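Chemist: Below is one structure. I have some questions about it.
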């Protein structure tokens, strides 16, 4: 087993035994989406129209929830410093932790999405695009989130701050994610928006681990 | 004291430049405002509302310029651990945020009579709003740590990551064909506006740029003075026999 896999397996095992986090994130996602019909009225036409936006915004907020725990626990008990001392590059450590984070939050969100789309009455044409977009977009959100989580490590009120830092950077994902579903629902071609989402994912794959590792080194200095 | 070696030289140069820059700034702003408000013609379509542009466009340029400068200073601070670059980056942030805010407000005031709306979710407007959020995030992050050194470095990394937004703002009007008009001054084939309007625009741009330098010098001076006071106070505490205190 490579070091990367070992680290992912460790984080998954920790998440599994501590439970809660994934369920909380999905619970937040479901409850927040269920609030919208109360807020804007249950007319099917309105809900159908705003469904892509609601799902994307709520998924974005839900993925912010668990971010402050991404490095915090390891930083507090000192295992992050031990990980820094291992021959494994810190960038790989970050990539492993982000992978585990996505598997425990992004993936459950992805699974819950079709059910919630059904509740909001999303047009059938939108489902495939919504899921493809989410599959490309949520890893990008986790990677952007990792930068934020590493930057605020040890800050006062880090949990609020991380949202303030990451949400502006996440706007492009939201624009193209929701835009793709809107296009698909209107019978237009959504490929361009999905391709841009893919490009954003590739860019964050490149930038995320490097920037987050740089921020972690500052935190551990 | 070697920590202040470099800032001391900066202070000497800055103090020598300061009066000149202030006077030039006041002159170019006065001349720019005279041309912008009185001596330039009204637009054949926009009427007198076009005069808002003489504040709006330079403010937008300065918003982007300040962010670029902040990212550059941050990179220098991270790579060479240059203490002065750090001060410059942090002093730039509030100025840039103010220019970005001015750009958004003046654009909104112009948009009401021209577009019939205070705000539109257009690509240029949205990316400029994100720039303002990035400035606010930078300032919040820099102040969020008990250890100021840590806040500085985190904020520097954030400034570099957020720099991806600057090219997006610049080319947003070309990539997305939405409400905001495309570039008319800095473009291939020369400016597309008449020289009678270009003159006040450029004067205002120079005035804003000099204003940035003036405020930057004031802020950095204040920061250095604050650091000196802190050092002196600590020295006074130690001299007063703080050795046996915890």
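The values are calculated or read from the model by the stated rules, or taken from the named source; none is laboratory data. This is a predicted model, so every value here is computed, not measured. All Cβ positions, even for glycine, are placed from backbone atoms using ideal geometry, and neighbour counts span all protein chains on display.
Chemist: Being at pLDDT 85 or above, away from every other protein chain (no Cβ under 13 Å) and in contact with a helix residue (DSSP H, G or I) (Cβ under 6 Å, 6 or more places away or on another chain) is the filter here, so list the residues in segment A:186-199 that pass it.
Modeler: A:194, A:197, A:198 - these are the residues of segment A:186-199 that are at pLDDT 85 or above, away from every other protein chain (no Cβ under 13 Å) and in contact with a helix residue (DSSP H, G or I) (Cβ under 6 Å, 6 or more places away or on another chain).
Chemist: What about residue A:71, is it crowded, with 16+ Cβ neighbours inside 10 Å and touching a helix residue (DSSP H, G or I) at 6+ places or on another chain (Cβ under 7 Å)? Walk me through how you get there before you give the answer.
Modeler: Numbers: crowded, with 16+ Cβ neighbours inside 10 Å: yes; touching a helix residue (DSSP H, G or I) at 6+ places or on another chain (Cβ under 7 Å): yes.
So residue A:71 passes the test.
Chemist: Quick one: is residue B:223 in a helix (DSSP H, G or I) and either crowded, with 18+ Cβ neighbours inside 10 Å or more than 14 Å from chain A (Cβ to nearest Cβ) (or both)?
Modeler: Numbers: in a helix (DSSP H, G or I): yes; either crowded, with 18+ Cβ neighbours inside 10 Å or more than 14 Å from chain A (Cβ to nearest Cβ) (or both): yes.
Yes.
Chemist: Also, I was wondering about something else. Can you pull out every residue in segment B:109-136 that is away from every other protein chain (no Cβ under 12 Å), surrounded by fewer than 17 Cβ atoms within 10 Å (Cβ to Cβ) and either in contact with a strand residue (DSSP E or B) (Cβ under 9 Å, 6 or more places away or on another chain) or without any contact (Cβ under 8 Å) to a residue 24 or more places away in the chain (or both)?
Modeler: Listed by number, the residues that qualify are B:112, B:113, B:116, B:117, B:118, B:119.
Chemist: I'd like to know if segment A:6-18 contains one or more residues that are surrounded by 14 or more Cβ atoms within 10 Å (Cβ to Cβ), closer than 24 Å to residue A:128 by Cα and touching a helix residue (DSSP H, G or I) at 6+ places or on another chain (Cβ under 9 Å).
Modeler: Kept after step one, since they are surrounded by 14 or more Cβ atoms within 10 Å (Cβ to Cβ), are these residues of segment A:6-18: A:7-8, A:10-12, A:14-15.
Imposing the further condition that a residue be closer than 24 Å to residue A:128 by Cα reduces the set to none.
Checked against the condition, which is being surrounded by 14 or more Cβ atoms within 10 Å (Cβ to Cβ), closer than 24 Å to residue A:128 by Cα and touching a helix residue (DSSP H, G or I) at 6+ places or on another chain (Cβ under 9 Å), segment A:6-18 yields no hits at all.
Chemist: Kindly indicate whether any position in segment A:200-207 is more than 9 Å from chain B (Cβ to nearest Cβ), surrounded by fewer than 21 Cβ atoms within 10 Å (Cβ to Cβ), more than 17 Å from the chain's Cα centre (by Cα) and modelled with pLDDT of 90 or more.
Modeler: Checking segment A:200-207: not a single residue is more than 9 Å from chain B (Cβ to nearest Cβ), surrounded by fewer than 21 Cβ atoms within 10 Å (Cβ to Cβ), more than 17 Å from the chain's Cα centre (by Cα) and modelled with pLDDT of 90 or more.
Chemist: Counting just the residues of segment A:151-174 that are within 11 Å of chain B (Cβ to nearest Cβ) and more than 26 Å from residue B:169 (Cβ to Cβ), which one comes out surrounded by the most Cβ atoms within 10 Å (Cβ to Cβ)? Break it down stepwise before answering.
Modeler: First pass over segment A:151-174, keeping only residues within 11 Å of chain B (Cβ to nearest Cβ): A:151-158, A:160-172, A:174.
Add one more test, that the residue is more than 26 Å from residue B:169 (Cβ to Cβ), and what stays is A:153-158, A:160.
On the way: A:153: 26, A:154: 18, A:155: 23, A:156: 11, A:157: 12, A:158: 20, A:160: 15.
The selected residue is A:153.
Chemist: Next question. Can you tell me how many residues within segment B:137-161 are more than 7 Å from chain A (Cβ to nearest Cβ) and not in a loop (DSSP other than H, G, I, E, B)?
Modeler: Residues that pass the stated criteria total 11.
Chemist: Which condition number does residue A:130 fail, the rest of (1) surrounded by 23 or more Cβ atoms within 10 Å (Cβ to Cβ); (2) under 11 Å from the mean Cα position of the chain (by Cα); (3) under 21 Å from residue A:33 (Cβ atoms) being met?
Modeler: Tallying (1) surrounded by 23 or more Cβ atoms within 10 Å (Cβ to Cβ); (2) under 11 Å from the mean Cα position of the chain (by Cα); (3) under 21 Å from residue A:33 (Cβ atoms), residue A:130 fails exactly one: (2).
Chemist: Given the residues B:95, B:13, which is the only one that is in a helix (DSSP H, G or I), under 15 Å from the mean Cα position of the chain (by Cα) and under 18 Å from residue B:222 (Cβ atoms)? Please lay out each step first, then the result.
Modeler: Values: B:13 fails: under 15 Å from the mean Cα position of the chain (by Cα).
Among B:95, B:13, only B:95 is in a helix (DSSP H, G or I), under 15 Å from the mean Cα position of the chain (by Cα) and under 18 Å from residue B:222 (Cβ atoms).
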